[in-house]
Amino acid sequence: MPHQEALTVIARIRDGQVTPLKKMLGSIREHHESWDLVPFAKLARVHFARFMVFDATHDLDSDSLPPQLVLLTNVDAPLSDHLEELATVCADGLDRVFAHCEDYPALNARSPTTRVQFLEQHSCRSDAVHVNRRGRSVEQIRQEESLRSEIDKFLDANDFDAVVPATLKERITAFVRGRSDLAWALRPPEPPALSWRIKEWAHKYFSLLAVLLLSPLILLCLPLFLYLLRRHERRDVPDTSSASAESIRAFRDDEDFWPHNQVVAVGLFKPGLFRESVARVILRMADFATRHIYNRGILSGLNTIHFARWVTFDDGRRLFFTSNYDGSLESYMNDFIDKAAWGLNAIFSNGDGFPRTEFLFCGGITDEKAYKRFLPTRQVQTNVWYSAYPHLTTKNIANNEAIRRGLSERMDDEQTREWLRRFGSGNRLSESGWVARQLDSLPWERICRHCK
Amino acid sequence: MSTLQVKEIQGIVLHGYGSLNHAGFLLLQVQNAALVKVWLGTLPLRTSEQRPEAADLCINIAFTAAGLKKLGLAEDQLGMFAGEFTEGMTGTEHRRRILGDHGESSPEQWRWGGPGNDGVDVLLLCYAGDEEALNRVVERTVGDYESRGLRLIERLGTVKLPDRKEHFGFRDGISQPAIMGFDEEGTPGNMVAAGEFVLGYPNAYGQYTDRPLVRPEQDPLHLLPVAPEAASHHDLGMNGSYLVFRQLSQDVHEFWNYLAQQAPGKFAGDTTQACIALASKMVGRWPSGAPLVNSPQADNPALADDNDFMFVRSGDADGLKCPIGSHVRRSNPRDALDPEPGSDRSIEVGKRHRIIRRGRAYGPPAAASMQPGEIIGKPADNQERGLHFFCFNTHIGRQFEFIQYTWVNSPKFDGLYEDDDPLIGDRGATEQTRGGVFTVQQEPVRKRVTGMPRFVTVRGGGYFFMPGISAVRYLASLK
């Protein structure tokens, strides 16, 4: 199975084209069922996709930042195949949308090649990307849902009250074996390509080695770092303004059509070399964490996120964060506060206006009122949003995979019972790695009490 | 721990008035604000100081945002109330979506509180020990309405069913949060910060929930208390609470009829036994009230008021006793959810989503005894009956609406697929949010029922603010 790639295309919108472009893109509430102009559903590799517009604004030095169109996709590798598909299957829509942008090939110069060139030239590296489960393709997710659904029907149609677990599992396996359209399920999913796994492995251990080698220096600098950090944290001014009731309502109007939702927040980095350096290091750490620590369905205690990414843009002056997650924004914000405050504080406290933190990890978004007031002031509307599986939560997807894997696993009686409990409901996720579990069980509330 | 100012908090917030079997809820419109303010100034409001005796007459009052505006509350103060309250229950498409108010439950169909109905400004709650006393207190309080500057939109009646049952035949209102600084008894897992239910006290995050504060010059008579966390302001919200009111019509015949189609064969015993078994799985308690967690095999009336249980810690992590999708498990999951089922952390997270319920049934019972055995098989009588659901909370979005959307109506609750609340779920407005499945976890493998119709229809509703006693006097003094 392929690993996943995150495509970010940012293009400057031509003068006077923001309004017509926004009109063309519309809003989620207008076309949450489907949006025909760029038919993402026809692309085999896309998990999630979105278009959004960043309005013209200015940075902290009052330098102006131009209006920009952003296209994001989360896709199965290789990325080149996805770009190729976009430039051919979605050629017409892509042309109509990006025609509002600078540098897009002129009418007579448009071809799959020039479109791909444009997308590549305007694509932007993500600082960190969270993928709920690396290596789980769109095809696998859809297949395993149909497997689960077919077995559920089989279970409904028969009375198994008097059957012992082991026999029941055999009967389910026989049912699957007897269905040629489900026979693939009797093999476990293949892991991502060996070359990719070696690359990830190398990244992990070289990073650790680098940290080890630098550790004397890090320890030496720690007191100075803490001194500077506290000085900044005391001086930085949190933004206490509120978004207007109308804009908050507009965000809500685009939410809760599906069991999952999306959010995007954009902000400027705090000024100065110190914050810039801290932000860089923390984003590096986030990249490491999402790839090697939080890579089994859980990100800093949250198991509801399908895909999320952090991208620095505008020459390093701004950062945007996007997420596709299960449940309402209210529950997502509560999850942030209740379960993941430390990680989010570390990243976002380098953003201008963020609620005041203490020692990077404490305070910040644990101030419920300040955080829920702050987020809408940095939120940006997503105009077009696509999900390849809008009816499935991360828990559904993980449970479906566990059902499939179980078919080809030998189990003792207790394991068989547990596997059988996965039908109808699956709240048992596979366990995070050791480091992730340690991080998630740190008693932050107690630690942070000492920070004040 | 802050001690609550019980003399300032209206009585229905902290007491259920369980000894008063008769109640009338008056939906009122303000016709003449000046007269209404005079009336407000003299209204004998019951406080939370003492639990009522059977002979007492109790009156409480709450307002919609429109009502407060008519009384002359300034825009900037109105703007400090919760957004959910000022927008109103039917105010946005999004709110209808998360509350499940679509189809027959859409506000256009409502009897009151909808966009096509007369605007409700004031909700007057009257309680008494018998019907005659109730009528007397209503008469004494509002008289001919007109002379008070009011117009009656509707008087909603209530009924007391035997054994504190609701219309489907199950004992109701057993689980309530214990309030820190007020309730002396309560297990630690059920003890919730007062600020979750009464404004002006620290909430479950240790913060003071946003609420309207006024500048001292806006309160020249100094009727309002000083805000505890902002001494430069007077506190209009303090000792108040948001009241969520929904009239929920229950289709009792449809409920038992569906069970009679589905349960026999799937569950042991004759039709009645099988129906009760499945219905109890759906509720999470037996008809007597006994929780399935503590009495999984059969009803046990000795446990009728038993509320001392968790799910994971009580050995039911997998829902084999009390199904994961059951009504009681999803409306108050206790220790069952993330971040770590069975842990103190999960219990603490759960405490940020609690409500105090103060609802009352209305309409004639399907059978006088309210025993399911007598309700099952009764022909449809087309009588309107249901629950005047109401609850108190201070953060409507994080409490009532969260419970309604993330737990009750969500087909994805705790790893489920298409299971919304079997009892009160909305069954989903779209293909992606479709519900109507109920899964009963058991060995060797789950059973489930599908195609469940909606048993509960919304007939009316609104978000109200129930001010503290001083805040009512302040409203009465507005120019």
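The values are calculated or read from the model by the stated rules, or taken from the named source; none is laboratory data. Quantities reported herein were computed from a predicted structural model and do not represent experimental measurements. Cβ sites come from the backbone with ideal geometry, for glycine too, and all protein chains shown count toward neighbours.
Limited to region B:141-171, what total is found for residues that are in contact with a helix residue (DSSP H, G or I) (Cβ under 8 Å, 6 or more places away or on another chain) and either under 19 Å from B:E384 (Cα atoms) or part of a helix (DSSP H, G or I) (or both)? Matching residues across region B:141-171 total 8.
A single entry from A:N400, A:N383 fulfils the requirement of being closer than 25 Å to B:Q432 by Cα, within 11 Å of another protein chain (Cβ to nearest Cβ) and polar (S, T, N, Q): A:N400. Filtered by the rule that a residue be hydrophobic (A, V, I, L, M, F, W, C) and either modelled with pLDDT of 95 or more or outside any loop (DSSP other than H, G, I, E, B) (or both), region B:414-452 gives B:L416, B:L423, B:I424, B:V437, B:F438, B:V440, B:V445, B:V449, B:M452.
Only one residue in B:P379, B:P411, B:P339 is within 14 Å of chain A (Cβ to nearest Cβ), at pLDDT below 95 and not in a helix (DSSP H, G or I). Which one? Only one candidate qualifies: B:P339.
Among what's in region A:399-432 and is of a type outside the set (D, E) and at pLDDT below 95, pick the residue that is farthest from A:V263 (Cα to Cα).
Once the filter is applied, the top-ranked residue is A:G424.
If you filter region B:136-186 down to residues that are touching a Leu at 6+ places or on another chain (Cβ under 7 Å) and at positive phi, you find that the one that is surrounded by the fewest Cβ atoms within 10 Å (Cβ to Cβ) is B:Y145.
Condition check for A:P390 on (1) surrounded by fewer than 18 Cβ atoms within 10 Å (Cβ to Cβ); (2) part of a loop (DSSP other than H, G, I, E, B): one failure, at (1). Of the residues making up region A:281-335, those that are away from chain B (no Cβ under 14 Å), in contact with an Asp or Glu (Cβ under 8 Å, 6 or more places away or on another chain), part of a loop (DSSP other than H, G, I, E, B) and of a type outside the set (D, E) are A:G316, A:R317. Only one entry of A:T377, A:T312, A:T366 meets the criterion of being crowded, with 22+ Cβ neighbours inside 10 Å and of a type in the set (S, T, Y), and that entry is A:T366. Would you check if B:H222 is under 21 Å from B:S470 (Cβ atoms) and assigned to a strand (DSSP E or B)? Answer is no for this residue.
Sub-8 Å Cβ pairs linking a first residue in region A:311-324 that is over 15 Å from A:M52 (Cα atoms) to a second residue that is in a strand (DSSP E or B) and among the small types (G, A, S), at least 6 apart or interchain, are A:R318/A:G267, ordered by first then second residue. Considering region B:342-357, the residues that are touching a strand residue (DSSP E or B) at 6+ places or on another chain (Cβ under 8 Å) and not in a helix (DSSP H, G or I) include one that is nearest to A:E445 (Cα to Cα), namely B:R354. Condition first: over 30 Å from B:T42 (Cα atoms), touching a His at 6+ places or on another chain (Cβ under 9 Å) and within 14 Å of another protein chain (Cβ to nearest Cβ). Can you find one or more residues in region B:442-453 that meet it? No, region B:442-453 contains no residue that is over 30 Å from B:T42 (Cα atoms), touching a His at 6+ places or on another chain (Cβ under 9 Å) and within 14 Å of another protein chain (Cβ to nearest Cβ).
Of the residues in region A:245-260, at least one is in a loop (DSSP other than H, G, I, E, B), closer than 30 Å to A:H58 by Cα and not polar (S, T, N, Q). Checked against the criterion of being among the basic types (K, R) and more than 14 Å from every other protein chain (Cβ to nearest Cβ), the candidates A:R197, A:R171 yield just one match: A:R197.
Among all residues of region B:26-42, there is at least one that is within 18 Å of the chain's Cα centre (by Cα) and within 19 Å of B:L134 (Cα to Cα). For beta carbons closer than 8 Å, sequence separation of 6+ or different chains, a first residue in region A:416-434 that is more than 10 Å from chain B (Cβ to nearest Cβ) and within 16 Å of A:R133 (Cβ to Cβ) and a second that is aromatic (F, W, Y) and buried (at least 21 other Cβ atoms within 10 Å of the Cβ), the qualifying pairs are A:S432/A:Y294. B:S2 falls short on exactly one of the conditions (1) farther than 29 Å from B:K479 by Cα; (2) modelled with pLDDT of 95 or more, and that condition is (2). Take the conditions out of contact with any Gly (no Cβ under 9 Å at 6 or more places or on another chain), at pLDDT 95 or above and within 24 Å of B:I9 (Cα to Cα) and apply them to B:F63. Does it pass? For B:F63, the condition - out of contact with any Gly (no Cβ under 9 Å at 6 or more places or on another chain), at pLDDT 95 or above and within 24 Å of B:I9 (Cα to Cα) - is met. Any residue in region B:215-233 that is touching a residue at least 12 places away in the same chain (Cβ under 8 Å), within 23 Å of B:I12 (Cβ to Cβ), in contact with a strand residue (DSSP E or B) (Cβ under 8 Å, 6 or more places away or on another chain) and within 14 Å of chain A (Cβ to nearest Cβ)? For region B:215-233, residues touching a residue at least 12 places away in the same chain (Cβ under 8 Å), within 23 Å of B:I12 (Cβ to Cβ), in contact with a strand residue (DSSP E or B) (Cβ under 8 Å, 6 or more places away or on another chain) and within 14 Å of chain A (Cβ to nearest Cβ): absent.
Checking the structure you have, find out if any residue of region A:87-99 is of a type in the set (D, E), buried (at least 21 other Cβ atoms within 10 Å of the Cβ) and closer than 26 Å to A:Q381 by Cα. There is no residue in region A:87-99 that is of a type in the set (D, E), buried (at least 21 other Cβ atoms within 10 Å of the Cβ) and closer than 26 Å to A:Q381 by Cα.
Consider region B:64-119 and keep the residues that are among the polar types (S, T, N, Q) and away from chain A (no Cβ under 11 Å). The one that is farthest from the chain's Cα centre (by Cα) is B:Q77.
In region A:127-149, the residue that is nearest to A:W184 (Cα to Cα) out of those that are hydroxyl-bearing (S, T, Y) and surrounded by fewer than 21 Cβ atoms within 10 Å (Cβ to Cβ) is A:S146. Consider region A:336-376 and keep the residues that are closer than 20 Å to A:I248 by Cα and either part of a strand (DSSP E or B) or basic (K, R) (or both). The one that is nearest to the other protein chains (Cβ to nearest Cβ) is A:K369.
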